[in-house]
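Participant: So that we are looking at the same thing, I have put the structure below in structure tokens.
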Amino acid sequence: MSVATPPTPLTRPAAPAPPAGPPRPRRTRVLALPEARWAAGSLVAFLAALGLQLGGAPGWASGALYAVAYAAGGWEPALAGLRALRERTLDVDLLMVVAALGAAAIGQVLDGALLIVIFATSGALEALATARTADSVRGLLDLAPATATRLRATTAVAVGGVGGGASGGGGVGGDAVGGDVEETVPTTALAVGDTVLIRPGERIGADGRVLDGASDVDQATITGEPLPAAKRPGDQVYAGTLNGAGVLRVRVERDPADTVIARIVAMVEEASETKAPTQLFVEKVEQRYAAVLVAATLLLFAVPLALGAELADALLRAMTFMIVASPCAVVLATMPPLLSAIANAGRHGVLVKSAVVMERLGQADTVALDKTGTLTEGTPRVTEVHPLDGIAADRLLALAAAAEHPSEHPLARAVVAAARERGLAVPPATDFTATPGVGVRAVVGGAVVAVGAPGPHRDHPAVAALEADGRTAVLVLRDGEPVGVLGLADRPRAQAAGAVRALAALTGRPPVLLTGDNPRAAARLAAEVGLGDVRGGLLPHEKAAAVQDLAAAGRRVLMIGDGVNDAPALAAAHTGIAMGRAGSDLALETADAVLVRDELAAVPAVVALSRRARRLVVQNLVIAGAAITVLVAWDLAGTLPLPLGVAGHEGSTVIVGLNGLRLLRERAWRRALRNEEG
């Protein structure tokens with residue numbers, strides 16, 4: 001009979017050193033884009049052909065290279081145009097390719113090739129704007145690790161495993177930790193309820209709650225906190241954040257597809273696929289404009305030909321007209337600025353869900369703000385300690401913290417935190433009891449200490465003074481006698497007052513405070529942050545009604561909130577922004593944009609960025625319209641050389657594309673933070 005022996009400690013190879021910080025953001029190289037490579041190939045072939053032509057080389061040599069330039073820059077637009085034609089729509093891409101081939105047919109090979117090269121370049125610029133938006137998505141995806149260490153419960157077995165006996169015959173393999181078996185799995189395979197092991201320096205693979213262990217976690221990529229956050233059992237952690245020096249066991253609480261990172265990615269992807277009203281209008285007009293353009297080109301060719309003009313001259317004028325009248329720059333005027341603004345805002349913690357929203361944000365002329373969790377941190381803090389009966393303030397706070405220590409109530413946590421911040425020694429407590437709606441009771445140092453609502457002592461001057469000032473009063477009793485009163489309040493966010501001032505400057509009127517909190521607390525906060533219009537004690541439907549009343553008065557309301565009670569108002573507003581870290585799932589789904597890091601300063605910044613994007617759209621439309629008008633008038637009233645027409649038309653298209661990409665720069669966000677719209 002073999003004797004089972006304790007499991008032999010298992011060894012593992014040293015794990016590779018984890019990354020020391022967030023992964024470097026990806027940035028798509030220009031030549032990584034197919035559109036850019038084809039445009040570059042077309043340009044190289046064109047320049048080589050031009051050099052041979054100017055150098056007196058045989059015509060077949062330069063002709064072959066011109067053909068390469070046509071093919072490299074024109075095959076993709078031609079296919080796109082043919083696909084559109086099969087769906088009975090006219091595409092500007094096809095018109096440009098036809099115009100280039102028409103120019104080549106009458107001997108203007110160089111001019112047609114120049115048209116193809118510049119048109120391909122403008123397409124590459126549009127692809128670059130889209131790629132930069134996609135970069136922000138991939139950068140977020142890179143935050144989350146690809147694999148995680150899942151712990152699976154098992155039972156200790158004899159050496160050699162099941163069926164192995166003392167000789168160590170083949171059996172169960174794997175790494176055992178504290179009775180659990182480790183297995184490396186893709187993070188996408190994690191399920192709610194799984195337990196994962198997070199080693200020092202590893203990135204956390206799922207949203208969850210700490211079961212065991214202690215560490216500091218760098219959450220800057222998700223919350224924007226400048227310092228690592230201490231994590232203990234019961235604390236929440238997020239996928240993509242970086243563990244510090246401790247080891248954590250975390251229970252998965254969100255499906256991998258529903259983590260904060262995953263929701264952010266989904267929002268950005270949805271935003272890049274939508275089109276703004278201005279763009280939809282341009283595309284709607286484009287179809288009719290293209291049909292009129294084709295008819296006008298045919299007339300411009302047929303009428304002079306019928307009146308005795310030379311075929312080559314009539315065709316050249318018609319092709320020149322088609323080129324200069326095509327709405328390429330107009331089509332490119334709208335989306336690059338809006339996509340660039342979405343990408344830039346996303347890099348700085350503001351997720352705008354669509355191009356429609358980015359366009360609407362700048363239209364807001366009234367801002368409505370929730371109080372708790374939006375203007376304030378959403379966490380109560382002890383603001384006043386009023387001893388009674390000769391007890392010292394620190395002794396009063398230590399007694400209250402001792403009694404509250406076992407409690408999970410937010411006010412209890414605030415009292416304990418205040419004692420810790422002062423470095424007080426909290427004595428042990430026994431016989432703890434908690435009564436919902438009343439408070440807690442415990443034996444501390446042989447005395448019965450009760451901490452809770454004032455109840456019959458509400459008329460005490462210290463209690464009345466605190467409540468009149470908008471504080472929550474907590475009474476401390478020792479052996480049934482009041483020994484002190486604590487005042488608690490929700491502290492305003494550090495950026496609240498500055499954000500209120502900036503929003504008032506942008507919209508021309510002070511924001512409105514809509515809160516379900518009592519009017520006194522609302523008025524106190526309003527005085528601290530500089531708000532004048534205060535509406536307190538509102539139920540969720542009353543918040544929505546207040547927003548609707550503002551809208552009925554002709555206002556375009558931007559609502560900012562965080563909770564379930566804010567969702568009706570967010571839905572009723574012209575545009576809604578939710579606080580990403582503190583916000584409820586319903587608020588995040590209802591809002592049009594999300595502040596991932598809860599930085600209120602980003603709200604006026606994104607409004608200013610939206611207004612700048614809309615200005616660039618208008619600038620682009622003016623540039624495109626002016627170029628088309630001048631060139632068409634020149635072609636109809638006189639003789640516009642084809643090379644000049646190509647340079648003017650395609651040059652305006654390139655200018656429009658580059659103008660839109662300006663909002664990708666870091667300088668654009670810095671200007672927005674200073675609320676500079678222009």
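Participant: Can you compute the modelled spin-label distance between GLN619 and ALA553, with each label point 7 Å from Cα toward Cβ, in nm?
Facilitator: 3.5 nm
Participant: Now for a separate question. Quote the FRET efficiency, to the nearest 0.05, computed for LEU311 versus ARG288 with a Förster distance R0 of 22 Å and r equal to the Cβ-Cβ distance.
Facilitator: On the way: r = 30 Å, r/R0 = 1.36.
Once the sixth-power term is evaluated, E becomes 0.15.
Participant: Give me the percent of the accessible area of segment 282-421 that comes from carbon and sulfur atoms, probe 1.4 Å, all protein chains in place. Spell out each step's value before the answer.
Facilitator: Values: 3210 of 5260 Å².
About 61 percent, which is the carbon plus sulfur part of the accessible surface.
Participant: While we're looking at this one, here's another question. With a point put 7 Å past each Cα toward its Cβ, work out how far VAL247 is from ALA214 in nm, to one decimal.
Facilitator: Output for this residue pair reads 1.6 nm.
Participant: Where only protein heavy atoms count, and the probe is 1.4 Å, what is the accessible area per residue for segment 30-88 in Å²? All intermediate terms of the calculation are to be shown ahead of the outcome.
Facilitator: Details: 3480 Å² over 59 residues.
Computed with neighbouring chains in place, this is 59 Å² per residue.
Participant: What residues qualify as long-range amide H neighbours of ILE391, i.e. H under 5 Å apart, gap of 5 or more or another chain, H built at 1.01 Å from N?
Facilitator: Correct list: empty.
Participant: If you don't mind, there's one more thing I want to ask. First select every other residue whose beta carbon is under 12 angstrom from the beta carbon of THR372; then total the charges, Lys and Arg +1, Asp and Glu -1.
Facilitator: Numbers: positive: LYS371, ARG491, ARG493; negative: ASP370, GLU377, ASP490, ASP517, ASP562, ASP566.
Net of charged neighbours comes to -3.
Participant: With a 1.4 Å probe and all protein chains left in place, how much of the accessible area of segment 568-678 comes from carbon and sulfur atoms, in whole percent?
Facilitator: On the way: 2520 of 4180 Å².
Of the solvent-accessible surface of segment 568-678, carbon and sulfur hold 60 percent.
Participant: Give me the extension gain from ALA464 to ARG37: residue separation times 0.36 nm, minus the current Cα-Cα distance, reported in nm with one decimal.
Facilitator: Working: separation 427, 0.36 × 427 = 153.72 nm, distance 7.39 nm.
Contour length minus the Cα-Cα distance gives 146.3 nm.
Participant: Counting other Cβ atoms within 10 Å of each Cβ, which GluC sites (Glu not before Pro) in segment 33-126 have at most 15 and sit in a DSSP loop?
Facilitator: Working: sites: GLU35, GLU87, GLU126; in loops: GLU87.
Listed in order of number, the matching sites are GLU87.
Participant: Let me ask you something else. What whole-number value in Å² describes the accessible area per residue of segment 323-435 for a 1.4 Å probe?
Facilitator: Result: 35 Å² of accessible area for each residue.
The values are calculated or read from the model by the stated rules, or taken from the named source; none is laboratory data. Source: prediction; values computed, not measured. Please note: Cβ atoms are built from the backbone with ideal geometry, for glycine as well, and neighbour counts cover all protein chains shown. Accessible surface is based on the protein model in full, side chains and every heavy atom, while ligands, DNA and RNA are left aside. Shrake-Rupley method; radii C 1.70, N 1.55, O 1.52, S 1.80 Å.
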